[in-house]
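Here's the structure, in structure tokens; my notes come after.
Taken together, the values in this text are just the output of simple stated rules run on the coordinates, not laboratory data. The structure presented is a predicted model; accordingly, all values stated were derived computationally and were not measured. Ideal geometry is used to build each Cβ from the backbone, glycine not excepted, and the neighbour counts take in all protein chains shown.
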Amino acid sequence: MDMSQLSALVRGAGAGASPASATPTGSAAMEAVSGFAKALTEAETQAQAALTTGADPHDLVSALAESKLAVDTVVTVRDRVVEAYQEILRMPV
């Protein structure tokens, strides 16, 4: 699962989808985490290349924009998980 799929998952969960259909399976969640790590690693590699070898600045800007999108997506997912947990805590027993 790449970042666009994770973004679609987050948008789908916010559009009234049932929690069961919006919850990724264990392997899908692991793919999302590895995609997030890959995006950050790519941005870091591009930044190092730009500073040390004078690599193409357009590649750097693209990698940084992708990593920002990845971080924003992960923050959104985290916020939704915390919100769901708080909603569960408010349920009467």
Margin query: Kirkwood hydrodynamic radius, the stretch 38-93, all distinct C-alpha pairs: what's the number in Å?
Written below: 13.2 Å
Notebook entry, point to check: Taking the mean number of other Cβ atoms within 10 Å as a proxy for protection, how do you rank 48-56, 34-42 from highest to lowest?
Noted result: 34-42, 48-56
Note to self: Once you place label points 7 Å from the Cα toward the Cβ at residue 65 and residue 28, how far apart are they in nm?
What the structure shows: 2.8 nm
